[in-house]
Every structure is written in C-alpha cells, then in structure tokens.
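Asks: Structure provided below as structure tokens; questions to follow.
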Amino acid sequence: MHRAPGAPAPAPAPAPGTAPGTAPLPEPSAVEVHHCQGPVPRHDEIDAMLRADGLTPHAWANVAGHAYARHSHGYHKVLICVRGTIVFHTDSGDVALSPGDRLELRSGVEHAATVGDGGVECVEAYRT
C-alpha cells in the first residue's frame, strides 16, 4: 500500500475482541489491595458488605508471629482485616494489612503470611 508523502500511517488493527477506536481492558491484577481511607468498619458492617456482594463471610484469628506457609487456593480469596495486622508475601511483593484493609487474591496465586505483633482477626470469603 502506498501513502502520499506526509500522510499519517493507518491506525493499527484493534486487538481481538475490541471495538475499533477502543483499547483492550487490562487484565485484573492477581493481587489487589484496598487500604481503608476513613473509619474502620465494624465486624458486622464487613459481614454485611461481603454478603451484599453475594459472598459468605467467615471470621478467623491468630496469635502474634504465626506464619502461614506458602500455598495457593483454587478460588478467588477476599479478605478484610478487622483487628491487628498481617503481612501477605506474594511474588508481587509483601502486602501489609491493617484494620479495614481489603485484599483480593485471584485463584492460584502463591502466597504466605505472617501475623503482626498484636495478633490478627480477619473476615474472608471466596469467589468461585
């Protein structure tokens, strides 16, 4: 194909499954963190929020310094820190959670975790 001198190059073909003139949507991150930006929600508010998303939450807690060995899950994990702190260790880096922070791990993401000095309480649920 010949172009006149100074004519702009034709636009590249859109990515498969994308309408012309639009960019493909980015893939969701394998590890998403949302740090709490205000008052920390109460345990019952966190339960209600997860149930409103169609999830079934359950709470768990552990003592200071407890270490969870590296593992993965066959489901998308949604976790909200209620009390204390915990650090998740992923291939993307370490993620420190404090009360009100939300972590989402896509299915198959390898991770480990270490509970902070004051112990931790979390509420989590699973997306299938």
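Coordinate-derived values only; no laboratory data. Keep in mind that this is a model prediction, so the values were computed, not measured. When we count neighbours, we look across all protein chains shown, and the Cβ atoms used for this are built from the backbone with ideal geometry, even at glycine.
Asks: Given Cβ point charges of +1 (Lys, Arg) and -1 (Asp, Glu) and nothing else, what value in debye, to the nearest 20, does the dipole of the stretch 26-128 about its Cα centre take?
Replies: 140
Asks: For the residues 55, 79, what sequence is obtained by ranking on other C-beta atoms within 10 Å, fewest first?
Replies: 55, 79
Asks: Count the net charge of all other residues whose Cβ sits under 13 Å from the Cβ of residue 112, scoring Lys and Arg as +1 and Asp and Glu as -1.
Replies: -2
Asks: Report the extension gain between residue 72 and residue 42 in nm, rounded to one decimal, defined as 0.36 nm multiplied by the number of residues separating them, less their alpha carbon distance.
Replies: 8.0 nm
Asks: While we're here: Can you work out the FRET efficiency for the pair residue 92 and residue 121, with r the C-beta to C-beta distance and R0 = 25 Å, to the nearest 0.05?
Replies: 0.50
Asks: Which one of 108, 81, 69 has its Cα pushed farthest toward the positive end of the charge dipole of the stretch 31-127, where Lys and Arg give +1 and Asp and Glu give -1 at the Cβ?
Replies: Of 108, 81, 69, it is 108.
Asks: I'd like the Kirkwood hydrodynamic radius of the stretch 31-127, using the inverse of the mean 1/r over distinct C-alpha pairs, in Å.
Replies: Kirkwood radius, the stretch 31-127: 13.3 Å.
Asks: Under the Karplus relation 6.51 cos²θ - 1.76 cosθ + 1.60, θ = phi - 60°, what is the ordered set of whole-Hz ³J(HN,Hα) values for the stretch 118-128, x standing for Gly and Pro?
Replies: 3J(HN,Hα) across the stretch 118-128, in whole Hz: x, x, 8, 10, 9, 10, 9, 8, 10, 9, 9.
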